[in-house]
1. Ignoring ligands, DNA and RNA, what percent of the 1.4 Å accessible area of the range 571-621 is carbon and sulfur?
2. Can you pull the percent of the range 253-325's accessible area that's carbon plus sulfur, 1.4 Å probe, other chains left in place?
3. Taking the range 243-300, how much of its Cα-Cα pair set, in percent, is spaced more than 19 angstrom apart?
4. Would you mind calculating the gained length between residue 639 and residue 331 on full extension (0.36 nm times residue separation, minus the Cα-Cα distance), in nm to one decimal?
5. Could you list, bin by bin from short to long, the percent of Cα-Cα pairs of the range 524-623 in 5 Å steps?
6. Suppose the chain between residue 161 and residue 529 were pulled fully straight at 0.36 nm per residue; how much longer would it get relative to their current alpha carbon spacing?
7. When all protein chains stay in place, what accessible area (Å², nearest 10, 1.4 Å probe) is found for residue 354?
8. Can you figure out the FRET efficiency of residue 352 with residue 493, using R₀ = 56 Å and their beta-carbon distance, to the nearest 0.05?
Amino acid sequence: SLGGRLFTEAFTRIFEGVPRCEGPVLTFSGMWLVAITVILLRFLNYDYFGLLMSVKQTVTKTRPLFQKGIAVSVTLGFQSGTFMFMQLVMLMFSRALSLLFGVTVYPVEATDGWNCPYEGETMSILIGRLFLLIMGAMAMLVTFLCANGHFLGRVPIVGGFGKQCRLDLSGLDPDADTEDAGKLMRWEATLSMFPATLGLWFDSWNVRGYLIEERAHVYADQLRYPTECKVCGTRHIPYEDVIRATGMQISLAWQLFPFIGPLLGKLAEHTNNPPLFYRGTRLKCIWPTSSIRLISEQKGRKMDGGSTVKYYCVLLLAYAKDRGIPILQRAVRLGIYFAIVYFTYTIDKQNLERMGLMMFQVVMLLASLAGYLEALIPLLVLLALALAFVLVRKSDTKPKNEKFRSTAASVEAKVWGKPSAWPLVGQVIHGVSLGGAVSVYLLNLWRHDRVSLDYITLSGAVAGVVSGYVVMVAAWLLEQLPGSRLPANLFFWAYSIGVALFIAFYAGHAWAFGIKAFIAVAEGVILIYISGMAFRPPQVDGNGVVAPSAVWDRLTKPQAMAGPFGIYVGVFAVIMPYDFMVNFLGTYKAALSCAGFGYGGGLLYAFGTDTLCDRKPGQYAIAVGTVVTVFLGVAFHWLVGATIGSVAASLVGSIMENRLMKEVNKMSLEPPRYTKSKVMSSQTLTSRDPNAGFDNQVLGPPTVVRAETPTKLPAGVDAPLVLSGDRDEAIADQQQQQQLQQQQQQQQ
């Protein structure tokens with residue numbers, strides 16, 4: 001590979017000029033051991049990976065969307081690059097250590113493989129052998145102690161590093177306030193790396209040895225991690241991330257040892273992402289059971305047969321979320337590790353083609369399953385659990401008083417402020433259906449003309465966008481006509497049937513007639529059903545108030561970008577893997593699979609765009625990113641377009657978020673009676689312009705302080721919120737608000 005050649009070239013350049021004599025080479029190797037050991041000691045004791053993961057978690061909770069995306073990407077990229085660099089360093093370390101196995105302390109004993117042009121090098125050989133043996137033994141011993149956490153958190157070691165990073169890491173040292181504060185080693189961490197390598201964690205052993213709890217709390221405190229754990233009730237970095245960082249450090253330490261080191265190092269990575277087993281009480285939330293507890297609280301003392309069955313079915317679903325999915329995640333991680341080890345030692349020159357393809361398929365399948373178990377499947381199970389929770393919820397949790405009902409009704413009425421998502425679903429489904437069919441038809445038509453797949457995708461996307469806007473405009477026009485439900489249904493029925501016939505008889509022109517008829521009927525039913533669900537007349541409440549048109553909002557507001565962008569992504573997801581899926585699954589299964597990819601990808605991107613369009617930074621970012629992606633994808637390659645488009649969208653969104661934050665900081669969020677009086681915000685008191693009038697001041701956040709409250713007040717008199725000169729104005733303002741509230745109540 002290119003990376004391997006670059007590393008080999010750099011390694012050769014480093015050793016250029018070293019004499020090819022045993023003594024100088026061994027001495028130089030010992031010097032390399034010293035240098036690499038110093039680097040390794042810093043990584044093992046300063047906990048770089050733990051800090052990087054803590055930074056990632058803190059940024060995720062504290063920054064806006066696009067700034068968070070850029071910061072997390074940079075952090076993960078730096079962490080991955082650092083880990084790769086350290087693995088190369090450990091490779092050099094193990095190569096230098098491998099010389100130890102052929103070294104003897106007797107200088108008169110000859111060794112083969114050296115091409116030294118000089119004579120009388122007995123003393124240099126002796127010095128080189130002794131130096132390498134001593135440095136190798138010291139390096140392995142010190143690395144072993146560091147890998148077990150004997151120096152972790154000690155103030156004399158991490159104190160200077162903390163000052164450079166402006167972090168107070170003294171909380172990591174349990175002996176910082178005792179007479180043992182100056183000691184360098186902790187002996188309670190003996191042999192902690194052995195259970196940690198297997199993913200086994202115990203409170204009295206490696207949890208204490210690697211300071212898992214202390215690191216999570218100290219990093220959260222120093223980095224101002226804002227989220228409080230719902231299980232523990234305290235602020236801390238997730239324990240799984242701290243253990244994962246520890247597994248990466250242990251992996252580097254194991255790779256120091258030749259032969260068996262890489263196997264154990266990779267085992268430490270996979271068994272701690274997430275950890276396989278934990279026993280203890282210190283890390284209370286490492287195996288959260290929030291869903292199980294929530295469902296268990298709904299169990300009644302006396303339940304009939306049907307309620308009992310519902311309860312235990314939902315409880316089983318809660319156990320699947322809190323227990324089943326984590327166990328499957330760990331099993332898949334172990335499967336990936338054992339698959340890599342197995343294929344590494346079974347592939348040779350004779351079976352490379354067959355076993356290499358099998359390895360690729362197995363590892364990709366396991367990696368995809370791991371991704372689904374971490375992202376998609378927990379979300380689906382959580383959604384199913386939320387829906388099932390309604391079945392077992394206790395009846396006394398429902399509102400019983402009229403005041404709560406009126407409040408709930410007013411809240412429900414405010415939902416009309418955001419357009420319904422159903423028209424967006426109908427627009428995307430119609431657009432992807434026609435656009436995907438046009439793309440497949442053009443692909444088969446122009447297959448021998450070598451037309452670029454990007455142009456075919458763009459052509460299908462244009463057709464899909466036109467189809468999506470046709471149904472949206474038709475739905476809005478028919479909403480304006482009284483009693484237009486029957487004409488609307490007839491139009492959508494006819495249009496859906498026409499699209500279904502085009503899909504079956506043009507996109508699938510090579511299929512048998514029976515298959516065409518089945519596809520036409522199935523697609524027609526889907527489009528008709530979606531049209532009936534998506535395009536409905538506006539709702540009317542009990543007082544005769546008509547909700548605003550959801551279709552018109554998605555034609556005139558920024559949310560109008562969601563439909564076209566979702567359609568383009570959906571058409572792209574249909575056509576790009578089409579030929580590969582046909583060769584792999586066959587024509588019919590490939591068509592169904594690509595249709596699923598198109599509908600799913602289009603809806604996901606459309607809803608993501610719709611969510612981002614709620615704020616101005618999201619509107620600019622999604623517009624710039626999609627335009628850049630389409631333009632560069634057609635001009636060069638879709639991968640280039642997607643990469644540069646994502647970066648451009650993130651940068652534009654971050655810039656807009658920064659501008660918006662500055663505007664918010666300049667706004668006054670205090671009531672007018674506070675900003676007009678002498679009671680001002682803390683930022684105003686510190687940054688007032690003495691040459692400007694009070695009305696032109698830039699006010700800060702809504703932190704109200706008493707600017708001129710007397711330091712001593714008479715007994716029995718409370719400190720006033722406003723001064724006497726402004727009391728009348730404040731009272732008048734309060735009376736005016738009360739009158740407005742009374743008028744609103746009378747109108748209701």
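The values are calculated or read from the model by the stated rules, or taken from the named source; none is laboratory data. Computed from a predicted structure; not experimentally measured. Cβ sites come from the backbone with ideal geometry, for glycine too, and all protein chains shown count toward neighbours. Please note that ligands, DNA and RNA were not included when accessible areas were found on the heavy atoms of the full protein model with its side chains. Shrake-Rupley method; radii C 1.70, N 1.55, O 1.52, S 1.80 Å.
1. 69
2. Answer for the range 253-325: carbon and sulfur cover 62 percent of the accessible area.
3. Here the long-distance tail beyond 19 Å is 49 percent of all Cα pairs in the range 243-300.
4. Contour length minus Cα-Cα distance gives 107.6 nm.
5. Pair shares across the bins are 2, 12, 14, 17, 17, 14, 11, 7, 4, 2, 1, 0.
6. On the way: separation 368, 0.36 × 368 = 132.48 nm, distance 6.35 nm.
Going from the current span to full extension adds 126.1 nm.
7. Around 150 Å² of this residue is reachable by solvent.
8. Computed FRET efficiency for residue 352 and residue 493 comes out at 0.45.
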